[in-house]
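Reviewing the structure listed below.
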Amino acid sequence: METVNVPEPEESLPSTSISNDQGLLQWISTVDHKQIGILYLLMSVLFLLLGGVAALLIRVQLSVPNNNFLSPEMYNQLFTMHGTTMVFLVMTPAILGFSVYFVPLMIGANDLAFPRMNAFSLWIGLFGGMLLYFSFLAGGAPDAGWFNYAPLNQRAYSQSSGIDYYCIGLLLVGIGTVGTSINLIVTIIYYRAKGMSLRKLPVFVWMILINSFLIVAAFPPLNAALSMLLLDRQLQTHFFNNTSGGSPIVWQHLFWSFGHPEVYILILPSFGILSEVFQVYSRKPIFGYSFIVGSGIAIALLAFGVWVHHMFAVGLGLTVYSYFAASSMLIGVPTGVKVFNWLGTMWGGSLRFTTSMLFAMAFLVEFTIGGLSGVAFAIVPIDWQLTDSYFVVAHLHYVFVGGSLFGLMAGLFYWYPKMSGKMISEKLGKWFFWLFVIGFNMTFFIQHILGIKGMPRRVYTYPDLPGYTWMNMLSTIGGFLMSLSFLLLFYILHKSYKIGKPAGNDPWDAYTLEWTVSSPPKIRNFTELPPIYSYRAFRDLKENAKNNKHGK
Amino acid sequence: MMRLVIATEAILFISLMITYVYFDLSVGFTKQSINYLDIKSTGIFSVLLFSSSFTLVQAEKNYSEGKIKKLKIWLFATIVLGSVFLFGQAKEYFKLLNNHFNISLDVFSTNFFTLTGFHAFHVIIGLILLIIVFILTLAGDFDRPNSTALSSIGMYWHFVDIVWILVFTLVYVLPYLLK
Amino acid sequence: MFKPVMDISIFNPQSESGWRLYHLDIYFIIASSFILLLVIGLLIYIALKFRAKPNDAEPKQIKNNKLIEALMIGIPFIMVSFFFYLTIKTMKETEPITHNETPTVEINGRQWWWQVSYPGTSVVTANEIHLPANKKVLLKLTASDVIHDWWVPSFGPKMDMIPGLVNYLWLKIDKPGIYEGACSEFCGKQHSKMRIRVIAQTQENYQKWLTENAKTANIAIDSSLIKGAAIFQKASCAGCHQIRGTMANGNVGPDLTHLASRQTILSGTVKNTTENLYRFIDNPNKIKPGVNMPRFFLQQDSLKALVTYLHSLK
Amino acid sequence: METIFSQWKFNLGASLLFILLITFYFYLTKGKLKMGAAFYFFGCFLMLVLSLSPLHFIGMHYLLSAYMVMHILLLLICGPFILMGIPKETPNTSIKKTSVFFFNYPWMGWLAGIGLMWFWHIPKIFDAAFPKSQSLFGFYPLAFLHMLTLLLAGIFFAWPILGPHKELRAHPLVGLVYLASACVGCSILGLFLTFAPPTLYHHYFMADTFGFASTIKHNWGIDRAMDQQMAGLMMWVPCCFIYLSGCMMLFFKYINAKEKPIVIENNKLERRYS
């Protein structure tokens, strides 16, 4: 008789030996992956509020032409901080939060491979974020945009110390992110439940694995670039300063060879979440498991060969452009494969329209819009027209919000019962969904047209040209709807936590291992594990049990 | 895990080296500054660094065989070799700085100091790790031959060495040969 | 005629390359709407058809279908290849390689204005770019401080202006008119107020304008102008600005030799009137925050004289 | 007038190599044709045709990018094809030994492929490797060596992935990392060529012995800078595309492989749910 043991490091995990009282001190000192996951999510919410306020101020300033609500200095700081915050301090922690929380649960492990390092990564990342915000008090936030082009990032053009804080803050955030990714890779490779080969890995875990490799490979160029920038600013070196032989183009190359993979870093986990959500609410296995995973790998590998499409207007020469156009267009293919595979998953299923499922379905539309406008940027001549216009702003928000954030929302509503132990209010959830979708599309769809009408991005104000005014006003109203919907979300989360129905272990009739344990899971996740026959281990278990019953 | 750390560090160095080569090929690069570099003494110090990889391999071998005494000797030798290399670097830096060849002089100096500085920084980290292990060994806390600590540090140390081979070739040897 | 006559939009092409890109845009819009509608259509169909009913049995567990997967990869691949072909074709046609041709105009991006000079002539002007219509011209684009970007939507492609690099752009404007655009690469505080105005003229008018502008400035003879001219030289305006034919030969700010002949000032953001000029010189930072021009605290009457002088520079 | 495309030139080196390879095959098999011989001969034949063709001529004398096409084909097409045709069962054990060697040290294969590629692109060495003028029978020892090593590197590089002994190939996921890292190595070289100044290789600045320079420059519109950029990009993008396709193939091979079913009885959890 063989029993399946929970894989565990030789020494007992630090997290499993601590006491269970939920005092604040315990949260701060925790090394338990679930608590750290929740802390990551809370960190994400904190910065979401900050970044959201920045976004609202930006929209207020842009609501009417020739507005004087914000000074240009303030406006530049705000949009820079908005972008930096949302990418590095909202999306990334949210993704890490979900992965740190659910990866061990989905692979049948009791914690990450290095629990203490996990805590360290969280706190150093948070510290980096705090440092970035400290710049507001220290004379001015960074004001050269989130990709911070040289030579505008040089001391001569940005005298305040904001950009120094940007460098140090992002270096620390980068260390934290890479640390967690390494942790996740080791966990996924070495601590899977017995019998769970890579072929039986849930798609979410696959995506996190791929994603972590992407992070490990993508952050070093950023770190190199940031170090050089810091040296340029502090020790007057000559990396990006063209007057003394440096080259502003080098910054662009280094930044985008990080920056483009970063886009995929933010979207791949959402792909993973969606794959789980679609399966469970359609009650069908994912359509084309190997294609979903394979396209993830293809995206990850291609991601490093496309960065020049951010630089099509730089004048590097048509030969270079044609090759990068090819690779950038090519990356659209695996992305499209995924979208159609999800449709295939739903086809013939028995669909339950929970809030989570609605977000997943809305994702398909919003992300297709974002993806298609992305292909437009791979087509060099179209890129020549639209890059650095409001069309880009629309595109990137459709990818980041319509893509990544919708995916994360689907994940939040899907996993909330597991994390809190309470059911989330579906009625209010749907209110939130519709408010959010309408607000989001209202804010950003119109910006495509603004871009087509020639409005450049990052302007603190604009002349009263035909069409500009009402379109910007509409966008601002949409922005307010969106923030309203976020307030509603926080209310829903809070209320459900207080008075929601108890969720039980398996409220969605789900497929993966995290639903075999109690909600919320105990500090020691697993004491027993089912045998693993496929990537839907829990479903196999329930199915076998049913068959046995009928058989008897 | 150490492999992944090395992978990410390797990419960092690749980025730095690519930047170096990029500037090396661009117009503003002041090649005459290369004459300041002292290839011979740095070459000798580099050989010492490379040999420290060998001594560390010996240390690992003795450790896995449980010969703690020999482990101590080889570890000590590695630390000494690493420190001597750092000393050599420091000497080179001081000489350069005394000749008013500092990091903000021109594009070459910028790249030179950044690249070698980053490498030296990694040597220091490696040394700190080795010293910790060494102290643990002296204290007698590191005598069971089943810890992976030493082999992980070993991997890191070899990596730092390989990086130096590349950096040394790039910054010192190639310009010297192509002069 | 202060308002530009044209509707600014990439779908209102007014140049040869503009039209080329326009066709590509249309093809792309058709293809992408097809995909988008396909996704939305399928989604709606699925949502209506496969809604869960109470006591549904578990649906059939289809895991894969090789044919559908092949189509999923194949069809997008073919579409992408088609667009790749179009990309190369359009790219080659729009931006043929330059072979040391003399550019018609050299535009230098500055924080936050455009210096415009015409190689082969002595004409230097700012912000308002005069070009001949219906003739293929080559623009030479450079920058002096940070990265700027040239973009007139009706003309098609944009092109970055990068300090230390030289970029070229071919342009053949369809017909005379005023075309508006803006700097598209974030370049600091006044990025928003860095508009572009291209004044396309017929060949004769353009030549006339060139000869007119090649002349040095009228020498101030009138007593009312002499005072202003003196202030201009004395109040260190001359250190930054050039007025050809006088002592003023600065190269930091815009050339003012024919200031009064321009329709707008401050990079195309305000009309060129005496009041606007007066208000700007009185307190530059208030009108254009962050501008490099300092405030001189001139007396009201000297300021008036200065403005009168500047406005005489036709 | 002779066009550039009619420049089929006899190449003694390549012919020698061809004969050598064929001899080697029959030496291995003691004169018999084995399974997959077609692959082997196709690889050899492709090599020969390429080296006699105008492509080789252009690559030798005018365009780095044409040379690069040759290089990629030799390294990534001919090499693997020849490897695929190498018989598994041979009277002597050299093939088996090689397989075992690459099974134990797959990185040696990597180093052979990528290292050699880098080696031949060091400007001085590159310039030395090619004849200054057309010599007798087109034989030039260094050029011969160049070709031979490239072909061998191609074979050794592919060995851990496509070696004749299936059980001695690297694990597909290891292979994935192997190819992906090779792609990085090749990208860096490609990057270097793409962005380096066009005076990198002096070889192509030599006197125009055959008089096609102006055709290439004016009719084809390829100048030195563009040529080198194209070569760099060729090394970078299509080369990586081959590697990445290999990656995807390995991945699908891995994920679609059948697994041994696990047999577990009397699981506690299972009992609870029944």
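Each reported figure results from applying straightforward, stated rules to the coordinates on display, with no laboratory input. Values in this document were obtained by computation on a predicted structure and should not be read as measured data. Because the Cβ atoms are built from the backbone with ideal geometry, glycine has one as well, and the counts that use them run over all protein chains shown.
Some observations on this one:
- For chain B, the C-alpha radius of gyration sits at 1.13 times the compact-globule guess of 2.2 N^0.38 Å, with N the residue count.
- Placing R0 at 35 angstrom, the Cβ-Cβ distance between D:Ser15 and C:Leu138 gives a FRET efficiency of 0.10 after rounding to 0.05.
- Whether the stretch C:11-165 is rounded, prolate or oblate, judged on the alpha carbon gyration tensor where a/c under 1.5 counts as rounded: prolate
- Among D:Tyr105, D:Tyr25, a tally of other beta-carbon atoms within 10 Å of each Cβ gives an order, fewest to most, of D:Tyr105, D:Tyr25.
- If you take the Cα centroid of the stretch C:211-279 and the Cα centroid of the stretch C:131-194, the two points sit 24 Å apart.
- Of the peptides D:213-226, A:286-299, C:240-253, C:50-63, the order by per-residue mean of other Cβ atoms within 10 Å, starting with the highest, comes out as A:286-299, C:240-253, D:213-226, C:50-63.
- Under the span-like rule (Cα at least 18 Å along the axis, Kyte-Doolittle mean at least 1.0), DSSP H helices of chain C: C:16-49, C:66-94
- Net charge dipole size for the protein assembly as shown [Lys, Arg +1 and Asp, Glu -1 on Cβ; Debye, nearest 20]: 2080
- For chain D, cysteines whose Cβ has no other cysteine Cβ within reach (under 4.7 Å): D:Cys44, D:Cys78, D:Cys186, D:Cys239, D:Cys247
- Between the stretch D:102-125 and the stretch A:63-129, the Cα center-to-center distance that results, in Å: 41
- Shape class of the stretch A:371-526 from the alpha-carbon gyration tensor: prolate, with a/c at 1.5 or above and a/b greater than b/c.
- Relative to the dominant Cα principal axis of chain A, helix A:406-420 is inclined by about 40°.
- Net charge of neighbours whose Cβ lies under 11 Å from the Cβ of B:Tyr156, counting Lys and Arg as +1 and Asp and Glu as -1: -1
- The stretch C:223-311: C-alpha pair distances exceeding 19 Å, %: 33
- In percent, rounded to a whole number, the relative contact order of chain D is 22, using alpha-carbon pairs under 8 Å and six or more apart.
- Simple spin-label estimate for D:Trp8 and B:Val84 in nanometres, 7 Å along Cα-Cβ: 6.5
- Spacing of the modelled spin labels on B:Leu138 and D:Lys166, each 7 Å from Cα toward Cβ, amounts to 5.9 nm.
- Cα gyration tensor shape for the stretch C:249-294, rounded if a/c is under 1.5, else prolate or oblate: oblate
- Averaging the sequence gap over all C-alpha pairs within less than 8 Å and six or more residues apart, then dividing by the number of residues, gives chain C a relative contact order of 17 percent.
- Once the Kirkwood radius over Cα pairs is known for chain A, the Stokes-Einstein relation at 4 °C and 1.567 mPa s delivers a diffusion coefficient of 54 µm²/s.
- For the stretch D:7-257, the Cβ-based charge dipole about the Cα centre amounts to some 680 debye (Lys, Arg positive; Asp, Glu negative; other atoms uncharged).
- Alpha-carbon Debye profile of chain C, log10 I(q)/I(0) at 0.06, 0.07, 0.10, 0.13 Å⁻¹: -0.32, -0.41, -0.67, -0.97
- Cα centre as origin, Lys/Arg/Asp/Glu Cβ charges: the stretch A:27-551 dipole, Debye: 1580
- Where Rh is the Kirkwood radius over Cα pairs, Rg/Rh for the stretch A:218-323: 1.16
- Mean projection of the Cα convex hull over all viewing directions, computed for the protein assembly as shown: 56.4 nm².
- With the charge dipole of the protein assembly as shown set up from +1 on Lys and Arg Cβ and -1 on Asp and Glu Cβ about the Cα centre, the Cα lying farthest toward the positive end among the listed residues C:Ala47, D:Thr98, A:Gly139 is that of C:Ala47.
- Acute angle (nearest 10 degrees) that the helix A:390-399 long axis makes with the longest principal axis of chain A, alpha-carbon atoms: 10
- Rounded to 10°, Cα long-axis angle of helix B:107-138 versus longest principal axis of chain B: 10
- Inter-centroid distance (Cα atoms) of the stretch A:139-218 relative to the stretch C:65-106, Å: 32
- At least 27 Å along the helix axis (C-alpha) and Kyte average at least 0.0, DSSP helices within chain D: D:141-162, D:172-195, D:224-255
- For the listed residue pairs A:Lys338/C:Lys66; A:Lys430/A:Lys522; C:Lys189/C:Lys304; C:Lys89/D:Lys217, the alpha carbons are over 22 angstrom apart in A:Lys430/A:Lys522; C:Lys189/C:Lys304.
- Estimated inter-spin distance, A:Ser518 and D:Leu173, nm [label 7 Å along Cα→Cβ]: 3.3
- Neighbour counting of Cβ atoms within 10 Å sorts the residues D:Lys97, C:Lys140, A:Lys284, C:Lys172, fewest neighbours leading, into D:Lys97, C:Lys172, C:Lys140, A:Lys284.
- FRET efficiency, C:Ser81 to C:Ser223 (Cβ-Cβ, R0 60 Å, nearest 0.05): 0.20
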